[in-house]
Amino acid sequence: MLSLLRPLLAVCWYTLLLLLPGGQCWIRRYNNGFHYQDISNGNGNGEIYFNGIRLHVESPLPSVSASRGSSVTLPCHYHYEPEVATPRRTRVKWSWLPSQTIAAPASPEALARETEVMVAMGNRQRSYGNFRGRVRLRRSAPGDMSLVINELQLNDTGRYRCEVIDGLEDESVTVELELRGVVFPYHSPKGRYRFNFFGAQQACQDQDATLATFEQLFTAWEEGLDWCNAGWLADGTVHYPITMPRDGCGGVDLAPGVRSYGQRHGFLHSYDAFCFSASIKGSIYFLKHPTNLNFTEAVQACAVDGSQIAKVGQLYAAWRLLGFDRCDAGWLADGSVRYPITKVRANCGPPEPGVRSFGFPPMYLKFGVYCYR
């Protein structure tokens with residue numbers, strides 16, 4: 001029986017090796033900021049040994065959820081079968097595909113759009129872009145390449161890929177990162193269907209939120225969100241969620257679900273927006289003031305109190321994630337008037353929890369105000 005531990009002639013890979021006169025092979029070094037010695041884990045004489053060892057990369061969790069501003073660990077572990085007696089040269093690379101660009105299953109085109117988060121080899125590591133200074137490897141045990149992300153931001157959601165490279169072999173696993181939050185419909189103060197895609201993006205950002213993904217909208221629909229106006233999502237598609245079929249919302253004969261207009265032109269078409277807001281670092285409160293205020297007075301009153309007038313996304317996050325409940329209408333930063341109800345009671349609106357809205361009344365009218373500190 002042939003031994004599994006036998007020398008094989010090195011193959012002159014066109015991307016790694018060049019054929020020199022006389023039939024010799026020369027390994028072209030690959031420069032990515034790290035120094036490699038004997039990238040093939042061979043014997044240094046142009047021979048590679050196959051010894052039946054296989055690299056395995058795994059994650060015990062396909063998805064992880066966390067709160068905005070917190071830290072999260074995306075698990076990734078590698079090992080060899082059978083186990084090796086001595087350490088081998090390995091390199092790990094974490095990359096990220098934002099939620100708005102994810103299309104399942106992952107395609108080669110999607111992989112090409114992945115953004116590097118960090119690379120590490122031995123004790124050396126380097127992080128990139130917006131992740132610089134916020135990420136590290138956990139390394140709690142041999143083979144642990146789990147990624148720790150600090151100060152989670154709204155746009156950190158998406159698919160993260162952990163790729164472990166051993167010589168010419170590499171294996172990878174993906175982990176989805178989701179933020180706990182709330183989806184809310186939003187329209188322009190000028191009326192319905194006034195946002196093109198880029199206007200919708202900006203409108204959500206102005207309210208301390210981001211455009212929701214389809215997955216976030218679908219979850220909100222499962223939790224009871226019913227809205228009969230179409231809105232942009234982060235991938236440039238347009239949808240609206242219906243739990244109670246009715247005329248004008250797809251018809252009574254159509255089953256409940258998330259209705260889809262499909263992909264729309266980002267500049268030419270106009271709709272509302274579905275925004276996603278996650279937990280906030282500060283606090284929302286209804287300002288105790290001796291009198292009601294017009295909009296200008298409301299902005300000034302919050303400033304005098306050492307705060308700023310709250311944004312719509314902040315109010316929704318406080319209502320959904322912190323149980324904020326107040327049966328008093330108050331101004332918000334966009335000129336709308338709203339109030340949050342978690343405990344349904346008489347004289348506080350419809351018989352279900354939610355953020356009640358008075359729309360965008362004239363700014364000379366007087367209400368209370370919600371402040372953010």
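The values are calculated or read from the model by the stated rules, or taken from the named source; none is laboratory data. Fair warning: this is a prediction, and the values are worked out from it, not measured in the lab. No Cβ is skipped: glycine too gets one built from the backbone with ideal geometry, and neighbour counts run over all protein chains shown.
Quick look at the values:
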read-out	value
Selected residue (criterion: surrounded by the fewest Cβ atoms within 10 Å (Cβ to Cβ)) from residues of region 183-200 that are over 15 Å from the mean Cα position of the chain (by Cα) and either aliphatic (A, V, I, L, M) or in a helix (DSSP H, G or I) (or both)	F198
F295 being touching a residue at least 12 places away in the same chain (Cβ under 8 Å) and closer than 23 Å to W319 by Cβ	yes
Tabulated pairs, region 308-331, first buried (at least 24 other Cβ atoms within 10 Å of the Cβ), second in a helix (DSSP H, G or I), C-beta under 7 angstrom, 6+ apart or interchain	W331/F295; W331/A298
Residue match in region 290-297 (condition: surrounded by fewer than 14 Cβ atoms within 10 Å (Cβ to Cβ) and either within 25 Å of E352 (Cβ to Cβ) or of a type outside the set (S, T, Y) (or both))	yes
Number of the exception - P362 against (1) at negative phi; (2) modelled with pLDDT of 95 or more; (3) surrounded by 15 or more Cβ atoms within 10 Å (Cβ to Cβ)	(3)
Residue match in region 207-229 (condition: of a type in the set (S, T, Y), assigned to a strand (DSSP E or B) and buried (at least 17 other Cβ atoms within 10 Å of the Cβ))	yes
Given (1) in a strand (DSSP E or B); (2) within 19 Å of Y186 (Cα to Cα), index of the condition Y285 fails	(2)
Within region 172-187, tally of residues that are touching a Phe, Trp or Tyr at 6+ places or on another chain (Cβ under 7 Å) and either over 30 Å from V337 (Cβ atoms) or free of Cβ contacts under 8 Å to residues at least 24 places away in the same chain (or both)	3
Long-range neighbours under 9 Å by Cβ, at least six apart or interchain, first residue part of a loop (DSSP other than H, G, I, E, B) within region 245-271, second modelled with pLDDT under 95 and acidic (D, E)	P245/D253
Close pairs (7 angstrom Cβ cut-off, 6 or more residues apart or separate chains): within 29 Å of R88 (Cα to Cα) in region 49-77, at pLDDT below 90 and part of a loop (DSSP other than H, G, I, E, B) anywhere	Y49/L5; Y49/G42; Y49/N43; N51/L4; N51/L5; G52/L4; I53/P82; I53/V84
Some residue of region 162-172 being within 30 Å of T237 (Cβ to Cβ), at pLDDT below 95 and under 17 Å from the mean Cα position of the chain (by Cα)	no
Among (1) within 24 Å of the chain's Cα centre (by Cα); (2) of a type outside the set (D, E, K, R); (3) outside any loop (DSSP other than H, G, I, E, B), the one test that A303 misses	(1)
Qualifying residue in region 334-355 (condition: at positive phi, of a type in the set (G, A, S), buried (at least 17 other Cβ atoms within 10 Å of the Cβ) and outside any loop (DSSP other than H, G, I, E, B))	yes
